[in-house]
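Encoded as structure tokens, the structure appears first; notes follow it.
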Amino acid sequence: MATERSTAFSRRRFALLVMVGVYPVITALLYVIFPLTDGWTIWQRTLVVAPVMVVVMIWGLIPGVQRLFRGFLNPAQ
């Protein structure tokens with residue numbers, strides 16, 4: 001009879017890794033978007049940046065973090 005190791009998902013570690021991934025993505029987006037939207041108000045720029053950031057996070061960043069750091073995020077108890 002095989003015993004299963006129980007794991008506990010670490011929200012703190014996940015939040016840290018997502019922050020490390022989000023920072024360069026949002027910074028790059030701002031460098032690209034701001035020159036293209038010169039003269040726009042901040043809410044208009046945010047209206048462009050937010051959907052792009054959501055798509056990047058949902059279909060790229062978060063699945064990548066979960067796959068690459070599975071062992072770090074789910075340490076054995």
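Just so you know, all these numbers are worked out from the coordinates, no wet-lab data involved. Keep in mind that this is a model prediction, so the values were computed, not measured. Because the Cβ atoms are built from the backbone with ideal geometry, glycine has one as well, and the counts that use them run over all protein chains shown.
Structure data summary
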| quantity | calculated |
| --- | --- |
| Assigned charges on the beta-carbon of Lys, Arg, Asp, Glu; the chain dipole about Cα centre (debye) | 320 |
| Compactness relative to 2.2 N^0.38 Å, alpha carbon Rg of the chain | 1.53 |
| Integer Hz, Karplus 6.51/-1.76/1.60 couplings in order for region 46-51, x for Gly and Pro | 5, 4, 7, 6, 4, x |
